[in-house]
Amino acid sequence: MKAVVQRRYGSAVLGDLDVPVPGQGEVLLEVRAAGVDMGTWHLLSGKPYLIRFLGFGFRGPKCPVPGRDVSGVVKEVGPGVTEFKPGDEVFGTCEGSFAEYTVAPVKQLARKPGNVSFAEAAAVPISGGTALQGLREVKPGQRVLVLGAGGGVGSYGVQIAKAMGAHVTGVCSTRKVNMVRSIGADEVFDYTVADFTGTYDLILDCGGARPLSVLRRATNEHGRIVLVGAETGGSITGGFHKSLGSILLNPFSSKKFAPLMSQERADVYDELRVLIEDDKIKPVVERTFSLSEALDAVEHVHSRRSIGKVVVTI
């Protein structure tokens, strides 16, 4: 099969690999599309270096094929699998989705929503799942601020918060304003012109550029600040330093920081499937790339130019 092959950090090529064999609790997928996010760039580059200590491989990547978001068709089921059968259309996460075939654990897969394409489905799992888990405590009528509303997690955050009955304010750059407004934001601030104002019950920080002190001032008493990630740190800890610092502040304030470590689980993806089929959320796919252009897709996301999601189609 054709696959993007990565033997060391910072380098990958399109090459040939054997088709993998599903093990216990796994299925073999014919990959139709693979989503791209900043996490893909981190695992390709090996930066920040902290990720190497988190189990992804110290000297080189443990998985020779990049990509985690996936949608495709089940070709073969491994031992013990009863959830799916050959021919089922699914989406979720795995290791090595930048390939014509991959194996995926059933505990990280759900049935593909029937009203979206494979490319749209592949744009959902990690970004949509992160937004959903970050917004669990939102209640109808609350005010929610989404920083980085024009990106992958942010575009889902706006839609999911609206589906929960919140008043949603999105913050993004000029070229993303129309998209953020079109997906349901009640207010949109173009930070290149004027930054956001007001106070909020929950802030979903997908941008990471603002100091913790600014976020705390913009939060109501007993409010919550969910830190999704940041790309503003150095090559050692990246944006993790912000999450680590926020934990030290929590004992001294009623306004709580919540560094988010989202989980890749079938029940989360099935919940997203229902929201999509009920037309509560819709994937925003700016652009698709072929498998041979996968590294260009990753660089496009890393450049922060993408609006919504970018997908590799196979």
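FYI, it's all coordinate maths here, none of it is from the lab. Remember, it's a predicted structure, so these values are computed and weren't measured experimentally. Positions of Cβ are generated from backbone atoms using ideal geometry, with glycine treated the same way; all protein chains shown enter the neighbour counts.
Taking 0.36 nm per residue of separation and subtracting the Cα-Cα distance, what length does fully extending residue 197 through residue 221 add?
Values: separation 24, 0.36 × 24 = 8.64 nm, distance 1.61 nm.
In short, 7.0 nm is gained.
So how far apart, in nm, are the two label points at residue 303 and residue 137 if each is 7 Å from Cα heading toward Cβ?
For the pair residue 303/residue 137, the computed spacing is 3.9 nm.
What is the calculated FRET efficiency for residue 24 to residue 45, with r their C-beta to C-beta distance and R₀ = 41 Å, to the nearest 0.05?
On the way: r = 32 Å, r/R0 = 0.79.
Given R0 = 41 Å and the Cβ-Cβ separation, E is 0.80.
Residues with beta-carbon under 12 Å from that of residue 136, excluding residue 136: net charge, scoring Lys, Arg +1 and Asp, Glu -1? Intermediate results must be reported in sequence, preceding the final value.
On the way: positive: 139, 224; negative: 137, 271.
Residues close to residue 136 contribute a combined charge of 0.
Using a 10 Å cut-off around each Cβ, can you sort 38, 261 from fewest to most neighbouring Cβ atoms? Kindly include the intermediate steps, with their values, before the conclusion.
Working: 38 21, 261 8.
Starting with the residue having the fewest Cβ neighbours, the order is 261, 38.
Under a point spin-label approximation (7 Å from Cα along Cα-to-Cβ), what is the residue 254-residue 178 distance to one decimal in nm?
4.4 nm
Could you list the residues of region 152-169 with an amide nitrogen less than 18 Å from a label point located 7 Å from the Cα of residue 209 in the Cα-to-C-beta direction?
Answer for this model: 152-155, 169.
Label residue 293 and residue 280 with points 7 Å out from Cα along Cα→Cβ: what is the distance between them in nm?
It works out to 3.4 nm between the two label points.
Which of the pairs 112/139; 107/255; 62/280; 47/112; 75/162 have their Cα atoms more than 30 Å apart in this structure?
Working: 112/139 28 Å; 107/255 35 Å; 62/280 37 Å; 47/112 32 Å; 75/162 37 Å.
Correct reply: 107/255; 62/280; 47/112; 75/162.
As an exercise, take the mean of 1/r over every pair of distinct alpha carbons in region 103-142, invert it, and state the Kirkwood radius in angstroms. Can you show the working numbers first?
On the way: mean 1/r = 0.0823 Å⁻¹.
By the Kirkwood definition, the hydrodynamic radius is 12.2 Å.
By count of other Cβ within 10 Å, fewest leading, how are 82, 130 ordered? Mind showing how you got there, number by number?
Working: 82 7, 130 27.
Placing the least packed residue first, the sequence is 82, 130.
How long are the semi-axes of the equivalent ellipsoid of the chain, defined as square roots of 5 times the Cα gyration tensor eigenvalues? Whole Å, largest first. Could the numbers behind the result be given before it?
Values: eigenvalues 208, 94, 64 Å².
Semi-axes (√(5λ), whole Å): 32, 22, 18.
Helix-only estimate, please: 222 nm mean residue ellipticity of the chain, summing -39500 (n - 2.57) across DSSP H runs of length 4 or more and dividing by its residues, to the nearest 500. Present the calculation step by step, with values, prior to reporting the outcome.
Values: 9 runs with 78 residues, N = 314.
Calculated at 222 nm, the ellipticity per residue is -7000 deg cm²/dmol.
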